[in-house]
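The values are calculated or read from the model by the stated rules, or taken from the named source; none is laboratory data. On a predicted model such as this, the values are computed, not experimentally measured, just so you know. Cβ: placed from backbone, ideal geometry, glycine included. Neighbour counts: every protein chain shown.
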Amino acid sequence: MEPVKRLKRELRAEGTVIKLYKDTVEVAGKTAEWDYIHHDGAAAVVAVNDSGKLLMVRQYRNALDRFTLELPAGKLDSPDEPTLECAMRELEEETGYRAGKSEYLLTVNTTVAFCNEKIDIYLATDLEKTEQHLDPDEEINVEEWEVSDLKKLIYEGKITDGKTVAGIMTYAEKFGII
């Protein structure tokens with residue numbers, strides 16, 4: 001395969017979470033224009049309570065125009081923030097629980113065709129109840145779920161969020177949960 005050479009990158013729009021660029025590239029001897037979305041990164045948490053249930057968050061997602069059931073997660077406060085720090089902050093903010101133990105599970109790139117968003121996913125256990133600290137524009141319900149029920153929702157196409165599917169399935173595989 002021939003290397004792809006970026007000739008130019010132009011910022012087209014900047015939002016609160018992303019920056020949209022137009023890249024001009026040379027590929028296979030031809031010039032092309034590609035969209036590129038920059039995201040500073042995020043972290044997510046598979047939070048397991050003492051009874052073995054996962055803490056999930058139900059919240060409205062504007063892009064899908066519906067409520068979704070997801071792992072607790074959020075974007076980095078700055079590009080150099082450690083993802084574990086972000087994950088533990090988001091866990092407490094969204095669910096009102098603090099983790100006594102944490103462990104890295106995996107990294108996912110959410111949409112490799114046009115976006116560089118990377119999400120590190122952690123396991124959180126030994127949970128201690130604190131309180132939610134939601135942003136003014138957030139409304140999040142916390143729910144406890146059995147892994148087997150979440151896997152069923154994944155297979156039925158009812159949970160489609162990539163970080164959530166990856167986190168739940170990795171956790172289930174790692175600990176042999178059918």
Requested in this report: Please go through region 90-114 and pick out each residue that is outside any strand (DSSP E or B) and touching an Asp or Glu at 6+ places or on another chain (Cβ under 7 Å).
Outcome: Gly96, Thr110, Thr111, Phe114
Query raised in the report: Given the structure, is Ala63 out of contact with any strand residue (DSSP E or B) (no Cβ under 8 Å at 6 or more places or on another chain), of a type in the set (A, V, I, L, M) and either crowded, with 22+ Cβ neighbours inside 10 Å or in the same structural domain as Glu139 (by TED's automatic domain parsing) (or both)?
Result: yes
Report task. For Gly74, work out the one condition from (1) within 20 Å of Leu54 (Cβ to Cβ); (2) surrounded by fewer than 18 Cβ atoms within 10 Å (Cβ to Cβ); (3) without any contact (Cβ under 8 Å) to a residue 40 or more places away in the chain it doesn't fulfil. Result -> (2)
Requested in this report: With respect to Lys19, determine if the residue is in contact with a strand residue (DSSP E or B) (Cβ under 7 Å, 6 or more places away or on another chain), of a type outside the set (A, V, I, L, M, F, W, C), closer than 23 Å to Cys115 by Cβ and surrounded by 14 or more Cβ atoms within 10 Å (Cβ to Cβ).
Outcome: yes
**Report entry** Qualifying positions in region 41-60 - in a loop (DSSP other than H, G, I, E, B) and either surrounded by fewer than 18 Cβ atoms within 10 Å (Cβ to Cβ) or among the aromatic types (Phe, Trp, Tyr) (or both)
**Finding:** Asn49, Asp50, Ser51, Gly52, Lys53
**Report entry** Candidate set from region 163-178 (those that are part of a helix (DSSP H, G or I) and of a type in the set (A, V, I, L, M, F, W, C)); member that is farthest from the chain's Cα centre (by Cα)
**Finding:** Ala172
Report summary line: Going through region 2-42 in order, the residues found to be on the phi > 0 side of the Ramachandran plot and over 21 Å from the mean Cα position of the chain (by Cα) are Ala28, Gly29
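Residue-by-condition table, conditions (1) within 18 Å of the chain's Cα centre (by Cα); (2) modelled with pLDDT under 95; (3) surrounded by fewer than 16 Cβ atoms within 10 Å (Cβ to Cβ):
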site	(1), (2), (3)
Glu103	yes, no, yes
Asp120	yes, no, no
Leu123	yes, no, no
Thr130	no, no, yes
Leu134	yes, yes, yes
Glu138	yes, yes, yes
Asn141	yes, no, yes
